[in-house]
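Reviewing the structure listed below.
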Amino acid sequence: MKSIFPWGGDLTAALQDLALQDFAARTKGKVVVRGRDSYWVASSVLRARFLKELGISESDNLYLKIFDKVKTEVHSISKLNFVIELNFAGDTHVASFGFEYSEGGSAIAMIGKENPFKDVVMKTLFSSKGIYHLDAQRTLEMKKDGKAFDMGTGKRNDSEFLEGDFTLNLRMGKKQEEIFKNELETDSYVTTLGVYAGDVLKDGSTLIFIKANDCGDFVKIYKDKTEKWKSLCGSWGC
């Protein structure tokens, strides 16, 4: 199965136009379709323009830390297809773009010259009365509408989906910080919020991932300071 390490965000008008021209010339009606969207392997010229815009070199590597695997996967950028997705809703535009690789499960990826990951796994955390234990000094507290909520036993709506204002607070001694907030409605179709954590980075930091279906947020804790990374969502993965 294939997956995409994606980016989102705004593109310059010139790059948008170049992508649409490349789509018309390269596909000739033959596209891979996912729902309303289509994606294709970019031409060498378009690939070079995108990589320059992103600050990525063909000599870089894609380092893929799959949560439940000890070893980090390493993929040479020069050997990966660069793929672009279009959205045809309203005005046709570039929805997202990234590198295509063999899927191996939930993961975090980084690009560069050196592997930033250690050979350890990201562990799935389970709560007791809404409390997740990172270690002896640090805990995470899940709340729904301001009250403690346990993912294993907490009540869903009649359709078995989560509904309400969910937060995750990090407690370190006397210090407490809200690191995640998501207001879920019935049409969010979220059945659970998965929590993963591990000291997977070589800089000594702890990484937390809060997953809602195919989407999620990363939080990095380094020397009692937190840094939040918003992941990308949808069928192209996180």
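Go through (1) at pLDDT below 90; (2) part of a helix (DSSP H, G or I); (3) surrounded by 15 or more Cβ atoms within 10 Å (Cβ to Cβ) and name the single condition R47 misses.
Among (1) at pLDDT below 90; (2) part of a helix (DSSP H, G or I); (3) surrounded by 15 or more Cβ atoms within 10 Å (Cβ to Cβ), the lone unmet condition for R47 is (1).
Keeping to region 145-163, report how many residues are under 23 Å from the mean Cα position of the chain (by Cα) and closer than 25 Å to E227 by Cα.
Within region 145-163, residues that are under 23 Å from the mean Cα position of the chain (by Cα) and closer than 25 Å to E227 by Cα number 1.
Identify all residues within region 176-188 that are loosely packed, with under 15 Cβ neighbours inside 10 Å, within 15 Å of K228 (Cα to Cα) and not acidic (D, E); write none if there are none.
Answer for region 176-188, where residues must be loosely packed, with under 15 Cβ neighbours inside 10 Å, within 15 Å of K228 (Cα to Cα) and not acidic (D, E): just K181.
When region 74-88 is examined, which residues are found to be in a strand (DSSP E or B) and out of contact with any Gly (no Cβ under 7 Å at 6 or more places or on another chain)?
Hits for region 74-88 are V74, H75, S76, F82, I84, E85, L86, N87.
Go through region 122-238 and tell me which strands (runs of 3 or more DSSP E), entirely inside it, have 3 or more residues that are small (G, A, S) and out of contact with any helix residue (DSSP H, G or I) (no Cβ under 8 Å at 6 or more places or on another chain).
Once the strands (runs of 3 or more DSSP E) in region 122-238 are filtered for at least 3 residues that are small (G, A, S) and out of contact with any helix residue (DSSP H, G or I) (no Cβ under 8 Å at 6 or more places or on another chain), what remains is 193-198.
What do you reckon, is T191 in contact (Cβ under 8 Å) with a residue 24 or more places away in the chain, of a type in the set (S, T, N, Q), over 24 Å from A107 (Cα atoms) and surrounded by fewer than 16 Cβ atoms within 10 Å (Cβ to Cβ)?
No; evaluated as a whole, the condition is false for this residue.
Of all residues being among the hydroxyl-bearing types (S, T, Y), touching a Phe, Trp or Tyr at 6+ places or on another chain (Cβ under 9 Å) and assigned to a strand (DSSP E or B) in region 89-116, which is farthest from Q16 (Cα to Cα)? Just the residue, please.
Y101
Restricted to region 136-162, and to residues that are exposed (fewer than 15 other Cβ atoms within 10 Å of the Cβ) and of a type in the set (S, T, Y), which residue is nearest to V200 (Cα to Cα)?
Of everything passing the filter in region 136-162, T153 is nearest to V200 (Cα to Cα).
Within 30 Å of V41 (Cα to Cα) and either touching a Pro at 6+ places or on another chain (Cβ under 9 Å) or in contact (Cβ under 8 Å) with a residue 60 or more places away in the chain (or both): does that describe A109?
Answer is yes for this residue.
Could you please let me know if D68 is at pLDDT below 85 and either within 30 Å of Y196 (Cα to Cα) or not in a helix (DSSP H, G or I) (or both)?
So D68 fails the test.
In region 112-135, what residues are over 18 Å from G198 (Cβ atoms) and buried (at least 17 other Cβ atoms within 10 Å of the Cβ)?
If the condition is that a residue be over 18 Å from G198 (Cβ atoms) and buried (at least 17 other Cβ atoms within 10 Å of the Cβ), then G130 is the only one that fits.
Results for (1) at pLDDT 90 or above; (2) out of contact with any Leu (no Cβ under 7 Å at 6 or more places or on another chain); (3) surrounded by fewer than 16 Cβ atoms within 10 Å (Cβ to Cβ), shown as yes or no for each residue.
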{"residue": "G164", "(1), (2), (3)": "yes, no, no"}
{"residue": "K174", "(1), (2), (3)": "no, yes, yes"}
{"residue": "G198", "(1), (2), (3)": "yes, no, no"}
{"residue": "F209", "(1), (2), (3)": "yes, yes, no"}
{"residue": "F218", "(1), (2), (3)": "yes, no, no"}
{"residue": "D224", "(1), (2), (3)": "no, yes, yes"}
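From (1) closer than 21 Å to D22 by Cα; (2) of a type in the set (G, A, S); (3) touching a residue at least 40 places away in the same chain (Cβ under 8 Å), pick out the condition that doesn't hold for S44.
Result: S44 passes all but (3).
The values are calculated or read from the model by the stated rules, or taken from the named source; none is laboratory data. A quick note: this is a predicted structure, and the numbers were derived from the prediction, not measured. Methodologically, a virtual Cβ is constructed for each residue, glycine included, from the backbone with ideal geometry; neighbour enumeration extends over all protein chains shown.
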